[in-house]
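The values are calculated or read from the model by the stated rules, or taken from the named source; none is laboratory data. Remember, predicted model here, so these are calculated numbers, not experimental data. All Cβ positions, even for glycine, are placed from backbone atoms using ideal geometry, and neighbour counts span all protein chains on display.
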Amino acid sequence: MVYLHLHKERNSNMDNKIYSRDLTFSIDDVESRTEPTNVLLCTPEYFDIVDVKNAFMEGFQGQTQKDEAMAQWNSLRFVYQNLSQMHVIDKVMEIPGAIGLEDMVFCANQTFPWRVKDGRNIVVMSKMKHDSRKLEVPYFEEFFKGIGYTTLHLERTDLFEGMGDTIAHPFKQLLYGGFGHRSKANAHEELAQILDVPVVLLELLHPKFYHLDTCFLPVDTDNVILCKEAFTEDGLKNIQHLFKYLHFISEYEAEQTFCLNAHIPYNSKYRHAIIQKGSATAIKILTDLDFTIHETETSEYMKSGGSVFCMKMMVY
Ligand code: ARG
C-alpha cells in the first residue's frame with residue numbers, strides 16, 4: 001500500500017482513526033475543509049434493471065422506460081447546468097456510460113475523491129459488491145487520472161462503495177462511514193489511514209437503507225436530516241454528538257421518496273438542494289433552513305434503488 005506521508009497538524013484530542021462509540025472530540029475540535037465544487041454525471045444510455053442488487057429493485061427487472069429515464073437524467077443535468085450559471089457549483093462534467101454496465105449512471109459509488117491536507121487530489125477506488133459493477137470502476141479511474149488525481153486502491157477490504165457509504169461532515173475534516181451492506185468497516189479503517197482523516201463508523205442494518213446516502217443527509221455543519229430506523233443506538237448517539245440539530249424523516253417517507261438521497265452542493269454563500277419531487281417533509285425542513293429547492297423527478301432510477309445523490313459525484 002502506498003501510504004501518503006502527510007504533514008500532521010492535529011488537535012491533541014483527535015486521532016485520525018475510526019470511531020464507533022464514545023467519541024472523545026467535539027465538532028469544534030475538527031479542522032475545517034473546503035468542499036469540492038464540480039459535479040460529475042454519467043450518461044444513462046445503457047441504464048437498465050437486469051437483476052436485484054438491492055431491495056428496491058425487486059420486481060423491476062426489464063421494467064425501465066428508456067425514454068423516460070433519459071428525459072429524467074437530462075432534467076437533472078439541466079438543474080446542474082443552471083446551478084453552474086448561478087455559481088453554486090463550478091463545472092458539470094460527464095463520463096459516457098458503457099454498454100452492458102447498467103448501473104454505471106450511479107456515479108456516487110465507484111470512487112471516493114478527497115483533497116488531502118497538503119492540497120493533493122486523491123481518489124480511492126471502490127471494491128464493488130456486484131460483479132457487473134466491478135467493471136465500472138476502471139472507467140472512473142481513467143477519468144480521475146485524466147484530471148490529475150492520484151488513484152489509490154484499498155488492500156485490506158473486499159467491500160467499499162465510495163461516496164455511497166462515505167459522507168463527509170460539511171466543511172469539516174471528518175467522514176461518516178456506513179457499513180454492513182455494501183462496505184465493510186475495515187474499508188473505512190484503511191481509508192482513515194490513507195487519507196489521514198477520522199471516520200465515524202455507522203452500522204447499517206435495515207435492508208432498505210443499504211447505502212449511507214439513502215438515510216443520512218448532512219445539511220450544513222450544524223444540521224442533519226436522517227431516518228433513525230436505519231441506525232444503531234451507538235450510531236445515533238454519535239450523530240447526535242456531532243450535529244447540533246437532528247431532523248427526522250419517517251421510514252416510510254425515506255423509502256417512498258428517497259428524500260435523504262437529495263443532493264446539497266455545499267457552498268458557504270448559497271443554499272440549494274436538489275431533491276426527488278414530492279418529498280414533502282424533507283422539503284419543508286430544507287425550506288425552513290433557507291434552502292432553494294430544485295424538485296426533480298427520478299422515478300426511473302428509484303426503481304433501481306437510487307435518486308439524485310447517487311447520480312452524481314462531487315469532484316475537486
Ligand atoms: N442499482 C444500484 C445498486 O444497487 C443503485 C445504486 C444507488 N447508489 C447509491 N449511492 N445509493 O448498486
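Please count how many residues of the stretch 255-278 are more than 16 Å from the ligand (Cβ to nearest atom), on the phi < 0 side of the Ramachandran plot and either assigned to a loop (DSSP other than H, G, I, E, B) or touching a residue at least 60 places away in the same chain (Cβ under 8 Å) (or both).
Number of matching residues: 9.
Consider the stretch 18-59 and keep the residues that are under 21 Å from P170 (Cα atoms) and in a helix (DSSP H, G or I). The one that is nearest to the ligand (Cβ to nearest atom) is I27. Checked against (1) among the aromatic types (F, W, Y); (2) in contact with a Ser or Thr (Cβ under 9 Å, 6 or more places away or on another chain); (3) closer than 25 Å to C227 by Cα, F140 passes all but condition (3). Pairs meeting the criteria (first residue in the stretch 78-105 and charged (D, E, K, R), second residue at pLDDT 95 or above and assigned to a strand (DSSP E or B), beta carbons under 8 Å, at least 6 apart or on different chains) are D90/N38; K91/N38; K91/V39; E94/L40; E94/L41; E94/C42. Exactly one residue out of S84, S132 is touching a Leu at 6+ places or on another chain (Cβ under 7 Å), of a type in the set (S, T, N, Q) and at pLDDT 95 or above: that is S132. When Y270, Y245, Y252 are checked against the criterion of being closer than 21 Å to Y176 by Cα and at pLDDT 95 or above, Y245 stands alone in meeting it. The residues on offer are G62, G100, and the sole one that is more than 19 Å from the chain's Cα centre (by Cα), surrounded by fewer than 16 Cβ atoms within 10 Å (Cβ to Cβ), within 21 Å of E142 (Cβ to Cβ) and within 15 Å of the ligand (Cβ to nearest atom) is G100.
Is at least one residue of the stretch 105-119 away from the ligand (no atom under 13 Å from the Cβ), in a strand (DSSP E or B) and among the hydrophobic types (A, V, I, L, M, F, W, C)?
Scanning the stretch 105-119 turns up at least one residue that is away from the ligand (no atom under 13 Å from the Cβ), in a strand (DSSP E or B) and among the hydrophobic types (A, V, I, L, M, F, W, C).
Once the stretch 297-316 is narrowed to residues that are surrounded by fewer than 20 Cβ atoms within 10 Å (Cβ to Cβ) and away from the ligand (no atom under 12 Å from the Cβ), the residue that is nearest to F144 (Cα to Cα) is Y316.
Only a single item in (1) over 18 Å from L212 (Cα atoms); (2) within 16 Å of the ligand (Cβ to nearest atom); (3) under 16 Å from the mean Cα position of the chain (by Cα) is not met by S132, and it is number (3). Residues considered: D213, D220. Of these, the only one that is within 16 Å of the ligand (Cβ to nearest atom) and either within 22 Å of F160 (Cβ to Cβ) or of a type outside the set (A, V, I, L, M, F, W, C) (or both) is D213.
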